[in-house]
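Participant: Just dropping this structure here.
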Amino acid sequence: MSPTRFRSSAAAFALIAALGASAPADALLAADLTAVAALPGTSNAATAFDGVVEAVRQTIIAAQVPGAVVQLSVKVGDRVSAGQVLVRLDARAADQTAAAGDAQVQAARAALEVASKDFERQRQLFQKNYVSQAALEQAESQFKSTQAQVNAQLAQAGAARTQTGFYLVRAPFAGVVSEVPVSLGDMAMPGRALVTLYDPGSLRVTAAVPQSVSANLTAPPLPRIEFPGLPAAQQWVQPVRAQTLPTVDPGTHTVQIRAELPAGLTHLAPGLYARMWLPVAAGGQAPGAPAPLTVLQTSVVRRAELTALYVLDPTGKPVLRQVRLGRIEGDKVEVLSGLTAGERVVSDPQAAARVPAPSR
């Protein structure tokens, strides 16, 4: 037998042997898979509503007087203390007005001293019958008039000094600077925003809930808050209290629920997206409705934008099926759609991926 014919025969025998062994190997791989039946979770049903982080105490600090911005002492992200100077406006004209007011006060006090001495002199002369009653009354009137002028000048000088204080913009409370919409040289006008400040120690999450859902919440619920955009260790926060506002939005027919967050959460900021999970089923049923199906988190397959599970078909072969997931509870995750109760889900997606897809 020639070497070429021998090699061809050997290759043919090897191919036949591989084809003969493929079917038992595929069956063996499918039989080795570990699958768990999808069953309703033991926790109460819950539904997520989109919310946003808000600062309980936030203020937009505006100018009270016109003036050019000559000093910016803070930038976005800075932490400031109560009373700290944030912005300084050009106060030269106001300082001159205050100085003129102080000078007028000094002049009025000098005139008051003269009027006081003249009144005292006229009173002594009147007691000795050297001047008439009219002269005494005229001196007394002059003294009181000068005294009133001094009080008026003092009030004007105080107003001028208060006016100069408006050119120093200070922080009303300790917080974090979130916005500085002005630059050096800008002209500040009364009412124009200079700095936005919020208190990071007092945050809350506000969500709009349909009126039909809020009607099933007989007592103010204490929801769970999820922050999907944060790392896994920081995604879930338990609020300290919750409040349902007594008004309904006439346009959207929704009720606002506010959940106050605990202090010390430095990784949160106003405007951050959040989910508020309330003890209400997805259809709006009250607590006690059937809970969604749950599967192990290790069973979930994530490929780009695809979220799926390997589900065993009637022949025992794993089939990749897209699902929509809900909240996470320990090592399990809720399956909101794409799965039926009782279906068997493969616990090891990598092992299921090695099993050939069923032929069609």
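Participant: Can you pull out every residue in the stretch 133-173 that is over 30 Å from Leu268 (Cβ atoms), buried (at least 19 other Cβ atoms within 10 Å of the Cβ) and within 35 Å of the chain's Cα centre (by Cα)?
Facilitator: Within the stretch 133-173, just Tyr167 meets the criteria.
Participant: Considering each residue of the stretch 182-193, count those that are loosely packed, with under 12 Cβ neighbours inside 10 Å and not hydrophobic (A, V, I, L, M, F, W, C), and give that number.
Facilitator: Result for the stretch 182-193: 4.
Participant: I've got another one for you. Looking for whichever is of a type in the set (A, V, I, L, M), outside any loop (DSSP other than H, G, I, E, B) and within 13 Å of the chain's Cα centre (by Cα) here; the options are Val209, Val213, Val176. Which one fits?
Facilitator: Exactly one of Val209, Val213, Val176 is of a type in the set (A, V, I, L, M), outside any loop (DSSP other than H, G, I, E, B) and within 13 Å of the chain's Cα centre (by Cα), namely Val176.
Participant: Still on this structure, I have one more. Anything in the stretch 216-235 that is within 22 Å of the chain's Cα centre (by Cα), at pLDDT below 90 and not charged (D, E, K, R)? List them, or say none.
Facilitator: Of everything in the stretch 216-235, those that are within 22 Å of the chain's Cα centre (by Cα), at pLDDT below 90 and not charged (D, E, K, R) turn out to be Pro220, Pro221, Leu222, Pro223, Pro228, Gly229, Leu230, Pro231, Ala232, Ala233, Gln234, Gln235.
Participant: While we're looking at this one, here's another question. Out of everything in the stretch 240-297 that is polar (S, T, N, Q) and assigned to a loop (DSSP other than H, G, I, E, B), what residue ends up being modelled with the lowest pLDDT?
Facilitator: Gln285
Participant: Would a scan of the stretch 243-254 turn up a residue that is buried (at least 17 other Cβ atoms within 10 Å of the Cβ) and either of a type in the set (A, V, I, L, M, F, W, C) or within 16 Å of the chain's Cα centre (by Cα) (or both)?
Facilitator: no
Participant: While we're looking at this one, here's another question. Is it true that Val248 is closer than 30 Å to Ala82 by Cα and β-branched (Val, Ile, Thr)?
Facilitator: Criteria not met by Val248.
Participant: Consider only pairs whose beta carbons are under 9 Å apart and that are at least six residues apart or on different chains; among these, list those whose first residue lies in the stretch 326-347 and is under 21 Å from Arg224 (Cα atoms) and whose second residue is small (Gly, Ala, Ser) and assigned to a strand (DSSP E or B).
Facilitator: Gly326/Ala48; Arg327/Ala48; Val333/Gly326; Glu334/Gly326; Val335/Gly326; Leu336/Gly326
Participant: Can you tell which of Thr162, Thr146 is of a type outside the set (D, E, K, R), modelled with pLDDT under 85 and farther than 30 Å from Ala259 by Cβ?
Facilitator: Only one candidate qualifies: Thr162.
Participant: For the stretch 39-117, give me every one of the strands (runs of 3 or more DSSP E) that falls completely inside it and has 3 or more residues that are surrounded by 13 or more Cβ atoms within 10 Å (Cβ to Cβ) and over 23 Å from the mean Cα position of the chain (by Cα).
Facilitator: 67-72, 85-89
Participant: What residue, among those in the stretch 219-235 that are of a type outside the set (Asp, Glu) and surrounded by 15 or more Cβ atoms within 10 Å (Cβ to Cβ), is nearest to His267 (Cα to Cα)?
Facilitator: Once the filter is applied, the top-ranked residue is Leu230.
Participant: Looking at Tyr130 and the list (1) free of Cβ contacts under 8 Å to residues at least 60 places away in the same chain; (2) among the aromatic types (Phe, Trp, Tyr); (3) surrounded by 13 or more Cβ atoms within 10 Å (Cβ to Cβ), which single condition is not satisfied?
Facilitator: (3)
The values are calculated or read from the model by the stated rules, or taken from the named source; none is laboratory data. Remember, predicted model here, so these are calculated numbers, not experimental data. Cβ sites come from the backbone with ideal geometry, for glycine too, and all protein chains shown count toward neighbours.
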